[in-house]
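Just so it is clear, none of the values below were taken in a lab; they were calculated from the coordinates. Remember, predicted model here, so these are calculated numbers, not experimental data.
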Amino acid sequence: MDTLALVCTYNEATNIKNVINDILNCGLNDIEVLIADDCSPDGTYKIVEEMAKQNPKVHLLLRKEKRGRGYAGIDAFKWGLEHGAKYIVELDGDGSHNPKYIKNFRELIENCDVVIGSRFVDGGSDIQRGFIRKAVSGFAEVYLRFFVGAKVADATSGYRMFKREIVEKFINKLQASDPFIVTEMLYYTNKEKANIKEYPIDFLERASGESKLKPITLVKYLFKVLKLRLTA
């Protein structure tokens with residue numbers, strides 16, 4: 001397997017089919033998709049099961065224990081490594097991360113270890129966001145860059161591609177049960193002195209459904225990153 005796109009889902013039944021199809025049609029012939037779903041009550045995993053029966057490039061990791069965005073991400077990355085993926089790209093299943101950028105990430109990663117889809121470099125944008133959300137996110141970016149130490153413009157982006165060699169170095173150190181996994185991975189990526197590059201993306205509002213990441217959650221993560229810096 002050359003490139004694996006992994007998506008952690010919970011109640012994304014209205015979005016997931018389009019997301020999977022868009023990934024498979026992103027311009028990479030060798031890409032496969034793994035959906036890590038925590039037994040979504042809305043039946044997201046059932047949709048993925050049916051798609052997997054029809055297309056061998058679609059895979060489902062149905063999780064019934066230790067649920068949570070972080071645990072799902074850890075299990076999904078381990079699955080990718082175990083199945084021989086050379087490159088692993090993670091993106092959200094709500095339609096906010098456009099799969100059209102995956103081909104660009106794949107080209108760029110030939111000359112680095114990690115590619116981050118960035119809203120805050122030239123050519124990128126963060127649209128359809130309210131003032132409060134943007135203000136909290138802006139403060140979080142500055143705070144995270146300082147304590148994580150990574151010299152990146154978009155420290156909270158969850159749209160990223162990794163070479164397997166860099167993930168192998170820290171996969172067993174990851175502990176976050178929630179979306180803080182995004183920051184935790186960036187911290188260890190930087191600690192391993194990985195070569196990180198950013199690629200401009202347009203970050204869209206989710207296609208449908210309700211966002212699971214609230215401004216207050218970002219504030220809580222500021223304390224978590226401080227703890228990570230002091231103990232890891």
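Amide H contacts for A36 (H built 1.01 Å from N in the peptide plane; partners 5 or more residues away or on another chain; cut-off under 5 Å): V7, C8, T9, L61.
Distant-in-sequence amide contacts of T14, defined by a placed amide H-H separation under 5 Å and a gap of 5 or more residues or a different chain, comprise nothing. Full extension of the chain segment joining D42 with E192 gains 50.1 nm, where the gain is 0.36 nm per residue of separation less the Cα-Cα distance. How about K100: which lysines have a C-alpha closer than 16 Å to its C-alpha, ignoring those fewer than 8 places off in the same chain? Counting by Cα, and skipping residues close in sequence, K100 has these lysines nearby: K17.
Computed from phi, the 3J(HN,Hα) profile of the stretch 92-101 under the Karplus parametrisation 6.51, -1.76, 1.60 (θ = phi - 60°) reads 6, x, 9, x, 7, 9, 6, x, 4, 7 Hz, with x in place of Gly and Pro. Stretched out straight at 0.36 nm per residue, the stretch from Q175 to N21 would grow longer than its current Cα-Cα span by 52.3 nm.
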